[in-house]
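Input: a single structure, listed below in structure tokens.
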Amino acid sequence: GHGSSTSDVGAVGICNGTEVKEVEVNRQVRSALADKLGTDGATVVLVPQLESRRERVAYAEGAGAEVLISIHHNGSSDPATDYTQTFITQNRDKVLAQAVHPELVNALKLPDHGIKNDGFGMTVYGKIPSILTEAYFLTNPQGACESLDGTRIAKEVSGFYTGLNKYFSSQSSGGGKSRGNK
């Protein structure tokens, strides 16, 4: 999520005077997750930061992606706020969210604000299951600092990895597509 323009940085947190920008954290999570999934044999499509969400979804679908994850980290005017939440739009998104969201909550050990049906981001377009995650709040000082030192990024990647494996395992055993492309 974010990064389609130089001003599109998303939430900004502060850790001991250092700015922690959402767009940078999103890219770190994306890269680490892609590496982990790739090592496991998955084909990972990294969608470029195209100008529109519709273009990003079309790119993913054109590349043969079976799911789409829009990675985000939240912000609040209350620095004490910190929880995990996932957004879906279409009914087809539910199974993916139900596999991934609990694993993010478990990995991050933050309060669970659930899976919400609310047309955000790229989840409103396309035909493949998609989710928009808000794993934690960068405006929370601990969230910002643990992003900067990589602690939360590693936990988040672990949650995504476990959740995606659960999702694709259930799809291959339930008559859905095989686990080959992610």
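The values are calculated or read from the model by the stated rules, or taken from the named source; none is laboratory data. What you see is a predicted model; the values in this text were computed from it and never measured. Counting neighbours? That spans all protein chains shown, and the Cβs are built from the backbone with ideal geometry, glycine included. Accessible surface is based on the protein model in full, side chains and every heavy atom, while ligands, DNA and RNA are left aside. Shrake-Rupley method; radii C 1.70, N 1.55, O 1.52, S 1.80 Å.
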What is the gain in length, in nm to one decimal, between Lys116 and Asp35 on full extension, counting 0.36 nm per residue of separation less the C-alpha to C-alpha distance? 26.3 nm
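Given the peptides 10-20, 71-81, 136-146, 39-49, arrange them by the average over their residues of other C-beta atoms within 10 Å, most packed first. Mind showing how you got there, number by number?
Values: 10-20: 15.5, 71-81: 17.2, 136-146: 23.3, 39-49: 13.9.
Per-residue Cβ counts within 10 Å, averaged per peptide and sorted highest first, yield 136-146, 71-81, 10-20, 39-49.
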Per residue, how large is the accessible surface of the chain? Use a 1.4 angstrom probe and give square angstrom. 46
Among Ser169, Gly75, Gly114, the residue whose Cα sits farthest towards the positive end of the charge dipole of the chain, when +1 is placed on the Cβ of each Lys and Arg and -1 on the Cβ of each Asp and Glu, is Ser169
Would you please give the FRET efficiency between Glu61 and Val9, computed as 1/(1 + (r/R0)^6) with r the Cβ-Cβ distance and R0 = 30 Å, to the nearest 0.05? 0.65
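Estimate the FRET efficiency between Ala80 and Ser169 by the formula 1/(1 + (r/R0)^6), using the beta-carbon distance for r and 41 Å for R0, to the nearest 0.05.
The pair Ala80/Ser169 has a calculated efficiency of 0.65.
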The chain, accessible surface, carbon-and-sulfur percent (1.4 angstrom probe): 48
Measuring from label point to label point, each 7 Å out along Cα→Cβ, what is the Gln90 to Lys109 span in nm? 3.7
